[in-house]
Amino acid sequence: MTAAKDTSKAAASTSAGRKKADGFTDDERAAMKERARELKAEERASKDRSAGESALLAKIAEMPEPDRGMATRLHEIITANAPDLWPKTWYGMPAYARDGKIVCFFQGVDKFKARYATLGFNDEARLDDGVMWPTSFALKELNAAAEAKIAALVKKAVR
């Protein structure tokens, strides 16, 4: 085999290995790239609440409906019931943090082409209830009952 063929074969083998080991969808890769950009801006946002909120509101404005309406309403509920949480983006999603750690986040339907939107809580949230408790909630729409439940969850998460 010639040196050119050896090089070509090695390059093909290497790129095939990366694809196989990588295993991420295009949406997942885009979210990771977005998170890398967010990390670069995070230091500025961690010192300036308004910078984080501006980034969050800009991200919400980019969302298609019904995600945009749901994210806007969740922002109102979360900021009203947990004013100490700092708005920011996290993997391109609206999120709310305490001491730099994400407490809760919203993942719209469009983010990963899911069947429903998700309101998620990370381990920083204090939702503990015995030995097992839910940490994410499927959202199809927001009504008065759902909004009241979300407000109670957010209050519990930051107690």
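The values are calculated or read from the model by the stated rules, or taken from the named source; none is laboratory data. Since the model is a prediction, treat every value here as computed from it, not as a measurement. Methodologically, a virtual Cβ is constructed for each residue, glycine included, from the backbone with ideal geometry; neighbour enumeration extends over all protein chains shown.
Please go through the range 43-53 and give me each residue that is modelled with pLDDT under 70 and acidic (Asp, Glu), ordered by number.
The answer is GLU43, and nothing else.
Answer with yes or no whether ALA58 is of a type in the set (A, V, I, L, M, F, W, C), more than 19 Å from the chain's Cα centre (by Cα), within 27 Å of LYS155 (Cα to Cα) and at pLDDT 90 or above.
On the way: of a type in the set (A, V, I, L, M, F, W, C): yes; more than 19 Å from the chain's Cα centre (by Cα): no; within 27 Å of LYS155 (Cα to Cα): yes; at pLDDT 90 or above: yes.
In short, no.
Just to be sure before I move on: is MET63 touching a Lys or Arg at 6+ places or on another chain (Cβ under 9 Å), of a type in the set (A, V, I, L, M, F, W, C) and at pLDDT 95 or above in the structure I sent? It would help to see each step written out before you state the result.
Numbers: touching a Lys or Arg at 6+ places or on another chain (Cβ under 9 Å): yes; of a type in the set (A, V, I, L, M, F, W, C): yes; at pLDDT 95 or above: yes.
Against the criterion (touching a Lys or Arg at 6+ places or on another chain (Cβ under 9 Å), of a type in the set (A, V, I, L, M, F, W, C) and at pLDDT 95 or above), MET63 qualifies.
Across the range 116-148, what is the number of residues that are of a type in the set (Asp, Glu) and under 19 Å from the mean Cα position of the chain (by Cα)? Lay out the reasoning, then the answer.
Step one: filter the range 116-148 for residues of a type in the set (Asp, Glu), giving 123-124, 128-129, 141, 147.
Retained after the next criterion (residues that are under 19 Å from the mean Cα position of the chain (by Cα)): 123-124, 141.
Selection size over the range 116-148: 3.
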>> Please go through the range 112-142 and give me each residue that is on the phi < 0 side of the Ramachandran plot and small (Gly, Ala, Ser), ordered by number.
In response: ALA114, ALA117, GLY120, ALA125, SER136, ALA138
> When the range 66-95 is examined, which residues are found to be in contact with a Lys or Arg (Cβ under 9 Å, 6 or more places away or on another chain) and within 14 Å of ILE150 (Cα to Cα)?
Replying inline: ALA71, ASN81, ALA82
